[in-house]
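> Have a look at this one.
The values are calculated or read from the model by the stated rules, or taken from the named source; none is laboratory data. Model, not experiment: these values are computed from the prediction. Cβ: placed from backbone, ideal geometry, glycine included. Neighbour counts: every protein chain shown. Each accessible area value is taken on the protein alone, full model and side chains, heavy atoms only, with ligands, DNA and RNA left out. Shrake-Rupley method; radii C 1.70, N 1.55, O 1.52, S 1.80 Å.
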Amino acid sequence: MPGLWHQVLHTMSQPGASPDDDLLAQAAADIALRDHPRTPADADTVLEIARTEFAAVLGREQAQAALDRARRRAARD
């Protein structure tokens, strides 16, 4: 996960850069899983986090796919 956050910080610190939506979706899914351990996070949670934390507008399918990837990664760790 540190690699993900390094990418997010690097991308967002570049003047005029447009961060990759998939990267921001993955970061939002990571936050959703971390901040909602008891109540399972869902795509709406990921969408809201992406919007409030990164000013990113994602699609529901993109948010769900990122959440599924984050869950699989968390299960491996």
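> Over the chain, with every protein chain in place, what whole percent of the accessible area is carbon and sulfur at 1.4 Å, could you tell me?
Values: 2530 of 4920 Å².
Ligands and nucleic acids excluded, carbon and sulfur reach 51 percent.
> For the Cα atoms of the chain, what angle does the longest principal axis make with the long axis of helix 21-35, in degrees from 0 to 90, nearest 10?
Relative to the chain, helix 21-35 is tipped by roughly 40 degrees.
> Which of A50, A28, A17 moves the most in a Gaussian network model of the chain with Cα springs under 10 Å?
With Cα springs under 10 Å in the chain, the top fluctuation among A50, A28, A17 is at A17.
> Here is a further query. So, with +1 on the Cβ of K and R and -1 on the Cβ of D and E, and no other charges, what is the size of the charge dipole of the chain about its Cα centre, to the nearest 20 debye? Walk me through the numbers on the way to the answer.
Details: 9 positive and 12 negative charges, 58 e Å.
So the magnitude is around 280 debye.
> I'd like to compare 18-24, 63-69: which one has the highest average count of other Cβ atoms within 10 Å, and what's the full order after that?
Numbers: 18-24: 15.4, 63-69: 19.7.
So the order, starting with the most tightly packed, is 63-69, 18-24.
> Report the calculated FRET efficiency for Q7 and A75 (r = Cβ-Cβ distance, R0 = 22 Å), to the nearest 0.05. Please report the intermediate quantities before stating the final value.
Numbers: r = 22 Å, r/R0 = 0.99.
Computed FRET efficiency for Q7 and A75 comes out at 0.50.
> Do any trypsin sites (Lys or Arg not before Pro) in segment 1-58 lie in a DSSP loop with no more than 12 other beta carbon atoms within 10 Å, and if so, which? Don't jump to the answer; show the numbers that get you there.
Details: sites: R34, R38, R51; in loops: R38.
Qualifying residues, ordered by number: R38.
> Something else about it: Using the charge dipole of the chain (Lys, Arg: +1 at Cβ; Asp, Glu: -1 at Cβ; taken about the Cα centre), state which of P40, A75, F54 has its Cα farthest towards the positive end.
The listed residue farthest towards the positive side: A75.
> With each run of n ≥ 4 DSSP H residues scored as -39500 (n - 2.57), what mean residue ellipticity at 222 nm is computed for the chain after dividing by its residue count and rounding to the nearest 500 deg cm²/dmol?
Values: 4 runs with 55 residues, N = 77.
Mean residue ellipticity, 222 nm, calculated: -23000 deg cm²/dmol.
> Can I ask one more? What accessible area per residue comes out for the chain, rounded to a whole number of Å², with a 1.4 Å probe? Working shown, then result.
Numbers: 4920 Å² over 77 residues.
Dividing the accessible area of the chain by its residue count gives 64 Å².
> For segment 33-77, what class follows from the C-alpha gyration tensor (a ≥ b ≥ c being the square roots of its eigenvalues): rounded when a/c is under 1.5, otherwise prolate if a/b is larger than b/c, else oblate? Could you put the intermediate results ahead of the total?
Numbers: a/c = 2.02, a/b = 1.52, b/c = 1.33.
Since a/c reaches 1.5 and a/b is larger than b/c, the shape of segment 33-77 is classed as prolate.
> HN-Hα J couplings of segment 58-65 from phi, Karplus 6.51/-1.76/1.60, θ = phi - 60°, integer Hz, Gly and Pro as x?
With coefficients 6.51, -1.76 and 1.60, one gets 10, x, 4, 5, 5, 5, 5, 5 Hz.
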